[in-house]
Amino acid sequence: MAGHRKLQFAVILALIVTLAAVPAAFASGHGKKHPEKTGILLVAFGSSVKSAQISFRNIDRQVKKAFPKVPVRWAYTSRIIRKKLARQGQQLNSVAVALAKMMDEGFTRVAIQSLHTIRGEEYDDLVQTARAFTTMAEGFEKITIGEPLLSREKDLQAAAAAVLANIPKERKANEAVVLMGHGTPHPSNAFYAAFMYHLQHKDPNIFVGTVEGWPGIDEAVDWLKSRKIKKAYLMPFMSVAGDHAKNDMAGDEPDSWKSIITKAGIKCVPVLKGTAEFDNMIAIWLSHLKIAMAHLK
Ligand code: CO
């Protein structure tokens, strides 16, 4: 998949360089510089789940409210999601295509905001792609990138405070909250454990597991048992309550977190809300975008 993506990117890049060569000749003839045009590019992993779009709409609304004069564009980093949406007649851009289109629209400065949760593979790819767009001839004058949700120590603190505020009010102190993060083989996977440390500093019955990394559901069940937990709230720690939240977390299949925890004798209450449905979480991404915008000058 990564190979395909790289190839696709190389082709696009070659196209852009070729296309850009034409107006460049005009520009040098007239000795004219492009007028300044600033834009924002919001970059999410993406989701094909309809109800998950509430998260993206929420972010879109809040970014436009914070920067009312700046045009906002979107890109999805997941190729699988983009292909799936394309089959349903919905065209979502990759980062490279979104930037190429913005270049075509005459944008000279772009603040990209990563809407990812940790600085993993998707973020690394985003940084690489953005860099290519500034180093190429006729590239943007400047691109800055706002960091993912959990990047600095203060982000971990702010996100922990937000999670505590977003837990359903009826949850009692002796009941657990299990957050389901995505998880990754990327070294940034360690952010999940760091985040749990921050959370437990304030509330010892909050746990963070991941679907695709460590710690996983087995560790989470061990923690719940060792604390003699009788009831647990399950919440996705992903921007959207998409496929993972609906199926891997709250699904009825025997291997879902809900089924596994229930089988361990613990009552489960799934809460199907992505982090980007909460304004206090979006505020963290927004604070990163504000920094990216300030550095664009
Ligand atoms: Co996944």
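Among the hydrophobic types (A, V, I, L, M, F, W, C), within 16 Å of the ligand (Cβ to nearest atom) and buried (at least 17 other Cβ atoms within 10 Å of the Cβ) - does that describe any residue in segment 262-273? Scanning segment 262-273, I find no residue that is among the hydrophobic types (A, V, I, L, M, F, W, C), within 16 Å of the ligand (Cβ to nearest atom) and buried (at least 17 other Cβ atoms within 10 Å of the Cβ), so the answer is no. Can you name every residue in segment 195-211 that is in a loop (DSSP other than H, G, I, E, B) and within 16 Å of the ligand (Cβ to nearest atom)? The answer is V211, and nothing else. Among the residues of this structure, D279 counts as one that is more than 13 Å from V221 (Cα to Cα), surrounded by fewer than 18 Cβ atoms within 10 Å (Cβ to Cβ) and of a type in the set (D, E). Evaluating L234 against the criteria (1) in a loop (DSSP other than H, G, I, E, B); (2) in contact with a Pro (Cβ under 7 Å, 6 or more places away or on another chain) leaves one unmet condition, (1). The number of residues in segment 190-206 that are under 18 Å from the mean Cα position of the chain (by Cα) and crowded, with 20+ Cβ neighbours inside 10 Å comes to 3.
Of the residues A250, A160, the single one that is without any contact (Cβ under 8 Å) to a residue 60 or more places away in the chain, within 16 Å of the ligand (Cβ to nearest atom) and buried (at least 20 other Cβ atoms within 10 Å of the Cβ) is A250. The single residue among T129, T210 that is within 15 Å of T275 (Cβ to Cβ), surrounded by 20 or more Cβ atoms within 10 Å (Cβ to Cβ) and of a type in the set (S, T, N, Q) turns out to be T210.
Answer with yes or no whether W214 is within 16 Å of the ligand (Cβ to nearest atom), outside the structural domain of R61 (by TED's automatic domain parsing) and either under 19 Å from N174 (Cβ atoms) or touching a Cys at 6+ places or on another chain (Cβ under 9 Å) (or both). Criteria not met by W214.
The values are calculated or read from the model by the stated rules, or taken from the named source; none is laboratory data. Quantities reported herein were computed from a predicted structural model and do not represent experimental measurements. Methodologically, a virtual Cβ is constructed for each residue, glycine included, from the backbone with ideal geometry; neighbour enumeration extends over all protein chains shown.
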